[in-house]
1. Restricted to segment 401-448, and to residues that are of a type in the set (Gly, Ala, Ser) and farther than 22 Å from Gly484 by Cβ, which residue is surrounded by the most Cβ atoms within 10 Å (Cβ to Cβ)?
2. Looking at segment 232-291, what strands (runs of 3 or more DSSP E) fall wholly within it and have at least 1 residues that are surrounded by fewer than 19 Cβ atoms within 10 Å (Cβ to Cβ) and at pLDDT 75 or above?
3. Thr217 - would you say it is farther than 27 Å from Leu483 by Cα and polar (S, T, N, Q)?
4. Which one of Lys54, Lys7, Lys85 is basic (Lys, Arg), at pLDDT 80 or above and outside any loop (DSSP other than H, G, I, E, B)?
5. Which pairs have Cβ atoms under 8 Å, sit 6 or more apart or on different chains, and link a residue in segment 69-83 that is outside the structural domain of Gly37 (by TED's automatic domain parsing) to one that is surrounded by fewer than 14 Cβ atoms within 10 Å (Cβ to Cβ) and among the charged types (D, E, K, R)?
6. Looking only at segment 383-400, how many residues end up being of a type in the set (Val, Ile, Thr) and surrounded by fewer than 20 Cβ atoms within 10 Å (Cβ to Cβ)?
7. Being in a helix (DSSP H, G or I) and under 19 Å from Gln440 (Cα atoms) is the filter here; which residues of segment 380-405 pass it?
8. Counting just the residues of segment 493-515 that are closer than 11 Å to Ile539 by Cβ and surrounded by 16 or more Cβ atoms within 10 Å (Cβ to Cβ), which one comes out modelled with the lowest pLDDT?
Amino acid sequence: MKDFFSKLVRSGGADRTTASRGDQEDQLKRQVAALYGLYTGVLGAEKVVLKAGKLGTLDLMRSDRLDERVLALQKLVFEDPTIDKLPTLNEIPAVLNEIEDELADLCARRTVEDRIEKKIAEKMEERHQEYVQEIRTQVIKEESPANAENPQTLKKYALLEKLETRKLTRSAMELLRPAKLDEIVGQERAIEALRAKLASPYPQHLILYGPPGVGKTTAARLVLEEAKKIASAPFAKDAPFIEVDGTTLRWDPRDVTNPLLGSVHDPIYQGARRDLADSGVPEPKPGLATDAHGGILFIDEIGEMDPMLQNKLLKVLEDKRVFFDSAYYDSADASVPKYIKKLFEEGAPADFILIGATTREAGDIMPAIRSRCAEIYFEPLTPKHIEEIVYNAVVKLAVTIEPEIPRLISEYTIEGRKAVNILSDAYSMALMRVGQDQQQVSITKEDVYRVVQVSRLSPYVNRKATATLEVGKVFGLGVSGYLGSVIEIEAVAFPAEKSKGSIRFNDTAGSMAKDSVFNAAAVVRKLTGQDLASYDLHINVIGGGRIDGPSAGTAIVAAIVSAVTGKPIRQDVAVTGEISIQGRVKAVGGVFEKAYGAKQAGIETMIIPQENKADIPEGHLGLTIKPVVTVEEAMAILFAESEIVSA
């Protein structure tokens, strides 16, 4: 390029070293004029004039003197206003060579820039055409959406529309579900605690314990509705109540799916939106935790959740946000939409109150979850509660019933939900019996018995308390989960040859119960003076129930003493308590639940260890609670007389 411009400005080939001074000056003038012309051709006349004005070279450019014109050209080409030395005639050729080199570089740059600008213009035009075509396609779709349909899709749409026209009436469970807090029977204390902890300026995370069918979910939902009306509570009028079953939530170690906390759909394998997949952008999908933002996330059977998922939920409870991560996310990618960038960098909001419900015991729940939650226990229902639930359901169903039906249903269940199911099934039976056109439906005991037979139900309590006295038979108390039950223990003693007697006991009752029998044998000898080695003693737990723990010790002592001495035992009294070989009645667990089992069986008096006195309110469920310290005190209550008479 340099050689080309050198030849261009040196046309004629005059030899500067041999030409005369006049000829040399003429040659240089022509060369300077050629360089001016070339420079003007590269930049344009207007730009050259503007630049000359800034550099102060206009007068020098118009001068007739060669050295001044060269100086002006030198300032313009090098853009240096500090050059002020006029070159001599001998210096001018060297200066012109430098100017030629600079002009050659300038021309080369301009040529490359022009080529790049041309390509940029072509690309912009191409993109513009694509953009216009995309807009045109979008407008066409908006103007004529039917173009996306075909006969098959239209047929399926018509089928869906037809299905929408078919509606059933509300289910019986929906009709009979409590609509107000005062319709939830038998949970006054639990609801009071729930209100205090939820309808507050500072609501707490909660865990609700209790047997199934007692109203845990309904109570939580209704208390939220009540809290929305309180000005000091943080819940807005549209605060959500998101309900999910913990048994359906599973943690995916690949984090492909997570309906509770949300997941990220990557653009390759998980089907992100097409416009995002085309540009390789992952799409976060917030889960139920974000749906519950500002309200309540209710997890039923929270104890069944995967431990790893529970740990992840703990992190959300602390941060009040759900954070997402993906190897496909690039924060510097300009094609990432704002909402995706916000989700990745700031997380999704998840400020909610967690309410977990469970039928498990507290020890089965992860300690980290329990430490962050207040705990409320819902109580088992008594027969009177079941009867009240049945009466309320009868009013809502607008039917008549025989007076014995509420009591009859209460014999087959201790769950409010199950009681309502039995009544609604009996209602259906009555409709089938009298005809669908009957205005007034009356439910009879026979309808309930038919439901019981078809559903293979059996009475919840087979052992009933009586006002009679029996030898060798006593009511103990057990508990399983949150449900107490009456354990019927009987004993019979036969005289045997001295020191050749034996003791037999249910193998299925468990090793702990066998230990209680041997402890009881020592206590019986202390109380009666009788050596049990002189008797063949048979102790039986009717029904073969397994006894977990030593709580049947006092009851076993009473049965053995009665069998050996022949003294009768009251059948309206139940007893619980571990027995020590010194004859003391020690504390046991589950006393509160055992009281419900006693009430269900019609027991009037309940004997408990003195150490458990604070565990149960006085007069609870109408029972007479008798705390005792020693086995003698328990025997005085259990036996018809206050003293034990030796056989």
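1. Here the residue is Ala426.
2. Where strands (runs of 3 or more DSSP E) fall fully within segment 232-291 and carry at least 1 residues being surrounded by fewer than 19 Cβ atoms within 10 Å (Cβ to Cβ) and at pLDDT 75 or above, they are 241-245, 283-286.
3. When the stated conditions are applied, Thr217 does not pass them.
4. Selected residue: Lys54, the only one of Lys54, Lys7, Lys85 that is basic (Lys, Arg), at pLDDT 80 or above and outside any loop (DSSP other than H, G, I, E, B).
5. Final answer for the pair search is none.
6. Counting residues in segment 383-400 that are of a type in the set (Val, Ile, Thr) and surrounded by fewer than 20 Cβ atoms within 10 Å (Cβ to Cβ) gives 4.
7. Of everything in segment 380-405, those that are in a helix (DSSP H, G or I) and under 19 Å from Gln440 (Cα atoms) turn out to be Val390, Tyr391, Asn392, Ala393, Val394, Val395, Lys396, Leu397, Ile405.
8. Among residues in segment 493-515 that are closer than 11 Å to Ile539 by Cβ and surrounded by 16 or more Cβ atoms within 10 Å (Cβ to Cβ), the one modelled with the lowest pLDDT is Ala509.
The values are calculated or read from the model by the stated rules, or taken from the named source; none is laboratory data. All values derive from a computational prediction rather than experimental measurement. Note that we place each Cβ from the backbone using ideal geometry, even for glycine, and neighbour counts take in every protein chain shown.
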